[in-house]
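Trainee: Just passing along the structure, written as structure tokens.
The values are calculated or read from the model by the stated rules, or taken from the named source; none is laboratory data. Bear in mind the structure is a predicted one, so any value in this text is a computation, not a measurement. A quick note on method: Cβ atoms are made from the backbone with ideal geometry, for glycine too, and the neighbour counts reach across all protein chains shown.
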Amino acid sequence: MLNFDNVSRIAYLGPNASFSEMAKDLFCNKYKINAYPAPMTTIKQVIEFVEENPDTLGVLPVENSIEGTVRESLDNLMSCRNPNIKILSEIVMPIRHCLLSRTTEFYSITGVISHPQALAQCQEFIHNELPRNLNIIEATSTAEAARSLANYNLTYAAIGSEKTAEVYNLNILKENINDDKSNRTSFILIGDFETPFTGRDKTTIMFTTANKPGALMDILNVFYQNNINLSYISSRPSKQEFGDYIFIVSFDGHISKKKIFNALSQVKEKATYMKFMGSYEK
């Protein structure tokens, strides 16, 4: 079990009642973390806070079952300056959106405010049940959308969670309005700590390859030859040269095991760059 007795603060994407705060609470309950909350306004700030402050943790959303990867999280993890910052754990949290407002009159709503991903996840509801000339406003988070309702008249609503309604004293006009009722988001815990082998582990790495035919296949073949199951692969622009990409790969196993350690050594030899992102419990 991870020991976080000395953790002083835990950073996450705020403000209060955001899904990231809810994920933070789940991590704190799981690992008995007793740390001061440190809400941030951007994902970049979360990572920088953990980089610059010893004995701190950060919570990041990394993938949604509908919208895919959270690009801001991956891009900022790739550029993280502290090589000791690693992924320590992950959780998958159900996402259930509600339509929230200061009014109780559903049919009076003329505008909706929320984070772009929340809006995208409720497109059918917005299209079928709200006015055609609906005014849609994007916010930095679902919690910020709820908080900003104070600046609008009673015909505006926000999309957020039941906790958001509780924290900001809003009425729930409609529950579970997301298009996909199995909507889930994966969150990770990051920090400068070592993770023990649990038997239910996965490892994540980032790497680049030479720009030539078969270069990526040559690396992926390392996992095949070592009988290692790949669970995730994606790519992001390197932001250094057009057409160059960084690949993000997750696979079963912990770096403390000889097979995984040897496979990573082989990948490092074949890649032009490789970064170990952590071995952690699934």
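Trainee: Out of all the residues in region 222-255, which are surrounded by fewer than 14 Cβ atoms within 10 Å (Cβ to Cβ) and polar (S, T, N, Q)?
Mentor: Passing the criteria: 225, 227, 229, 231, 240.
Trainee: Let me ask something else. I'm told residue 101 meets every condition in (1) crowded, with 18+ Cβ neighbours inside 10 Å; (2) modelled with pLDDT under 95; (3) farther than 24 Å from residue 40 by Cα except one. Can you identify the failing condition by its number?
Mentor: (2)
Trainee: Is it the case, given these coordinates, that residue 255 is touching a Leu at 6+ places or on another chain (Cβ under 9 Å), of a type in the set (A, V, I, L, M) and assigned to a loop (DSSP other than H, G, I, E, B)?
Mentor: Spelling it out, residue 255 is indeed touching a Leu at 6+ places or on another chain (Cβ under 9 Å), of a type in the set (A, V, I, L, M) and assigned to a loop (DSSP other than H, G, I, E, B).
Trainee: Take residue 282 and decide whether it is within 30 Å of residue 37 (Cα to Cα) and not assigned by TED's automatic domain parsing to the domain that holds residue 112.
Mentor: Details: within 30 Å of residue 37 (Cα to Cα): yes; not assigned by TED's automatic domain parsing to the domain that holds residue 112: yes.
Yes, satisfied.
Trainee: Still on this structure: Within region 1-20, how many residues are out of contact with any Lys or Arg (no Cβ under 8 Å at 6 or more places or on another chain) and buried (at least 17 other Cβ atoms within 10 Å of the Cβ)?
Mentor: Counting residues in region 1-20 that are out of contact with any Lys or Arg (no Cβ under 8 Å at 6 or more places or on another chain) and buried (at least 17 other Cβ atoms within 10 Å of the Cβ) gives 8.
Trainee: Kindly evaluate residue 260 against the criterion of being touching a Gly at 6+ places or on another chain (Cβ under 6 Å) and either basic (Lys, Arg) or more than 21 Å from residue 92 (Cβ to Cβ) (or both). I'd like the intermediate steps shown before the answer.
Mentor: Details: touching a Gly at 6+ places or on another chain (Cβ under 6 Å): yes; either basic (Lys, Arg) or more than 21 Å from residue 92 (Cβ to Cβ) (or both): yes.
Criteria met by residue 260.
Trainee: For residues that are within 24 Å of residue 83 (Cα to Cα), without any contact (Cβ under 8 Å) to a residue 60 or more places away in the chain and of a type in the set (Phe, Trp, Tyr), tally how many sit in region 196-231.
Mentor: Qualifying residue count for the region: 1.
Trainee: Within the set of pairs 6+ apart or on separate chains, which have a first residue in region 153-168 that is closer than 22 Å to residue 121 by Cα, a second that is of a type in the set (Phe, Trp, Tyr), and C-beta atoms under 7 Å apart?
Mentor: 161/19
Trainee: Look through 279, 256, 265 and report the one residue that is touching a His at 6+ places or on another chain (Cβ under 7 Å), at pLDDT 95 or above and of a type in the set (Ser, Thr, Tyr). I'd like the intermediate steps shown before the answer.
Mentor: Values: 256 fails: touching a His at 6+ places or on another chain (Cβ under 7 Å); 265 fails: touching a His at 6+ places or on another chain (Cβ under 7 Å).
Only one candidate passes the filter, namely 279.
Trainee: So if I check each of 164, 155, 140, which one is over 22 Å from the mean Cα position of the chain (by Cα) and either at pLDDT below 95 or farther than 30 Å from residue 280 by Cα (or both)? Step through it out loud before you land on a result.
Mentor: On the way: 164 fails: over 22 Å from the mean Cα position of the chain (by Cα); 140 fails: over 22 Å from the mean Cα position of the chain (by Cα).
The conditions single out 155.
Trainee: Next question, about the same structure. Filter region 167-200 down to the residues that are over 20 Å from the mean Cα position of the chain (by Cα), of a type outside the set (Lys, Arg) and more than 27 Å from residue 108 (Cβ to Cβ) and list them by number.
Mentor: 194, 196, 197, 198, 199
Trainee: Is one or more of the residues making up region 58-69 of a type in the set (Val, Ile, Thr) and out of contact with any Phe, Trp or Tyr (no Cβ under 8 Å at 6 or more places or on another chain)?
Mentor: To start, the set of residues in region 58-69 that are of a type in the set (Val, Ile, Thr) comprises 59, 62, 66, 69.
Narrowing further to those that are out of contact with any Phe, Trp or Tyr (no Cβ under 8 Å at 6 or more places or on another chain): 66, 69.
Within region 58-69, one or more residues are of a type in the set (Val, Ile, Thr) and out of contact with any Phe, Trp or Tyr (no Cβ under 8 Å at 6 or more places or on another chain).
Trainee: Check residue 133 against each of (1) within 23 Å of residue 94 (Cα to Cα); (2) not in a helix (DSSP H, G or I) and name the one condition it does not meet.
Mentor: Exception for residue 133: condition (1).
Trainee: Return yes or no: is residue 48 of a type in the set (Asp, Glu), closer than 30 Å to residue 181 by Cα and buried (at least 17 other Cβ atoms within 10 Å of the Cβ)? Before the answer, list the steps.
Mentor: Numbers: of a type in the set (Asp, Glu): yes; closer than 30 Å to residue 181 by Cα: no; buried (at least 17 other Cβ atoms within 10 Å of the Cβ): yes.
So residue 48 does not fit the description; no.
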